[in-house]
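What follows is one structure encoded as structure tokens, with my remarks underneath.
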Number of protein chains: 2
Amino acid sequence: MKETTAAILIIGDEILTGKTEEKNAKFLISELRDLGVSLHLILVISDDVDQIGAAIADLSKRFTYVFTSGGVGPTHDDVTLLGVCKAFGTEMHRHLELEASLRKYFGDKVQETHLRMADIPQGSTFITLPELRWPILSYQNVYIFPGVPEFFRQKFSAIKERFRTSEFYLKLIFTKQDEFDIADHLTQVAKDYPQAAIGSYPVFDRDDYRVKVTIESKDKQVTENAFNMLISLFDSSHIVRCE
Amino acid sequence: MKETTAAILIIGDEILTGKTEEKNAKFLISELRDLGVSLHLILVISDDVDQIGAAIADLSKRFTYVFTSGGVGPTHDDVTLLGVCKAFGTEMHRHLELEASLRKYFGDKVQETHLRMADIPQGSTFITLPELRWPILSYQNVYIFPGVPEFFRQKFSAIKERFRTSEFYLKLIFTKQDEFDIADHLTQVAKDYPQAAIGSYPVFDRDDYRVKVTIESKDKQVTENAFNMLISLFDSSHIVRCE
């Protein structure tokens, strides 16, 4: 079975200059985990069409899904959709159905700046749902979300189930040994169980344990076998607990 | 004057799988800001030698400085230094002076797993400071920091002044107009003042203002001129305050 993979592309000078704290990647890490999707990369770049285009072109080839955040408002620095055009060699066009919705929504107040929100890359897909005021835009495997955290969450949550795949199995070992003492054991198990991801995370601010070891895979049996092998190699008198 | 730019490379499966919350990029965003360094990119990738090597090779060519976080411990998944070797076409070698320090520090307890910490890319530079137990490793313009936030902060803070450059000038306008009403004004000012970065950030959870506009550059006069032009274009009855 081919692994379902993802990349997150965060677009916005406000993140890189510290004007706004990034919240969408943090939210999506946990959502993708719950869905069984392997997140491989997070990239944060500025509001630059060429860089956005290059990043989308690259990431959309390498991963099952790409989720973008930001750069979809009505101002000069909102250039994500132009970046999508660059990435896929397509053009912006005014979508008539969207334009009609905008005219209806804004009524007498409507101006050209509002209608520009109906300019989307030719070939985009719309996901329209009753609970969403505006549709979610995607282009091939790229899902385009707004940067405002409330809207990002609302839109992602509305379609998250379409990304669900087989779940991860995770086991944990907390030990009082330090990383130097267990490094060779970890290497050995990582070699014997290449399907399992073995992680080792030292902590320096706790008295109860010194290293948290994680064993994870999509195969429950592989996770348990790798876990059992590690337990047999570690000095049992130093194991604080397992989860 | 050539702009001083930076990229942050966060290395670690634990971030992408949500086992550990990323804190070093957040810290460094604010530090680099204070130092006047323009942060252009943040990349988070897993503990994979080929990806780390490719990322370091790419980023070190594109930016003045690259700061890496993570992957420098003694276990199988700590492969950042191997990635540095890949990036620069060099080899790991055991550094004799570092080995002597490790033998002295660990005394009778010393094992091969400890001594592996003295294996570094041939051609690395050491930054040794009295306040640091272990030197900071760099390779050309790439500065290699540990992922543990306490150590990352301690090491970065010890050398931060070497990165300081001219400061940023920032002005803010808070308005009750929405982005649609000011979009064209922003575009006009962004065109007239290409040296200034004009940002526009709508908020949806406050009563006092609807959009925060930021004007920023390294030239105080440019920032002020762009700010004054915006103020003259905006509807003054909707401006809540400026900073």
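The values are calculated or read from the model by the stated rules, or taken from the named source; none is laboratory data. Please read all numbers here as calculations on a predicted model, not as lab measurements. Here Cβ is always computed from backbone atoms with ideal geometry, including for glycine, and neighbour counts include all displayed protein chains. All accessible areas refer to the heavy atoms of the entire protein, side chains included, with ligands and DNA or RNA removed. Shrake-Rupley method; radii C 1.70, N 1.55, O 1.52, S 1.80 Å.
Numerical summary
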| item | result |
| --- | --- |
| Answer from A:Leu32, A:Leu39, A:Leu98 - the residue that is of a type in the set (A, V, I, L, M) and outside any helix (DSSP H, G or I) | A:Leu39 |
| Residues being more than 14 Å from chain A (Cβ to nearest Cβ) and either in a strand (DSSP E or B) or crowded, with 17+ Cβ neighbours inside 10 Å (or both) - total across segment B:141-154 | 4 |
| Extreme residue, least open to solvent (accessible area, probe 1.4 Å), among residues of segment A:30-43 that are in contact with a helix residue (DSSP H, G or I) (Cβ under 7 Å, 6 or more places away or on another chain) and under 17 Å from A:Pro149 (Cβ atoms) | A:Ile42 |
| One residue from B:Glu179, B:Glu224 being over 23 Å from B:Ala25 (Cα atoms), touching a Gly at 6+ places or on another chain (Cβ under 7 Å) and not assigned by TED's automatic domain parsing to the domain that holds B:Val84 | B:Glu179 |
| Count of segment A:152-185 residues which are within 19 Å of A:Lys218 (Cα to Cα) and either among the hydroxyl-bearing types (Ser, Thr, Tyr) or more than 22 Å from the chain's Cα centre (by Cα) (or both) | 6 |
| Residue list for segment B:201-226, restricted to those being among the charged types (D, E, K, R) and more than 19 Å from A:Pro146 (Cα to Cα) | B:Asp207, B:Asp208, B:Glu216, B:Lys218, B:Asp219, B:Lys220, B:Glu224 |
| A:Ile52 being at pLDDT 95 or above, in contact with a Ser or Thr (Cβ under 7 Å, 6 or more places away or on another chain) and assigned to a helix (DSSP H, G or I) | yes |
| Qualifying positions in segment A:91-139 - β-branched (Val, Ile, Thr) and either exposed (fewer than 12 other Cβ atoms within 10 Å of the Cβ) or in contact (Cβ under 8 Å) with a residue 40 or more places away in the chain (or both) | A:Thr128 |
| Entirely in segment A:169-229, the strands (runs of 3 or more DSSP E) that have 1 or more residues that are touching a residue at least 60 places away in the same chain (Cβ under 8 Å) and either closer than 14 Å to A:Ile239 by Cα or within 11 Å of chain B (Cβ to nearest Cβ) (or both) | A:169-175 |
| Restricting segment A:13-28 to residues that are open to solvent by 20 Å² or more (accessible area, probe 1.4 Å) and in a helix (DSSP H, G or I), the residue that is nearest to A:Ile159 (Cα to Cα) | A:Phe27 |
| B:Leu233 being in contact with a helix residue (DSSP H, G or I) (Cβ under 8 Å, 6 or more places away or on another chain) and within 12 Å of chain A (Cβ to nearest Cβ) | no |
| Residues being at pLDDT 95 or above and open to solvent by 50 Å² or more (accessible area, probe 1.4 Å) - total across segment A:1-12 | 0 |
| From the options B:Val84, B:Val44, B:Val72, B:Val66, residue that is in contact (Cβ under 8 Å) with a residue 24 or more places away in the chain and in a helix (DSSP H, G or I) | B:Val84 |
| Residue, least open to solvent (accessible area, probe 1.4 Å), within segment B:155-168, restricted to residues that are part of a helix (DSSP H, G or I) and of a type in the set (Gly, Ala, Ser) | B:Ala158 |
| Filter result (of a type in the set (Val, Ile, Thr) and within 11 Å of chain B (Cβ to nearest Cβ)) within segment A:57-113 | A:Thr75, A:Val110, A:Thr113 |
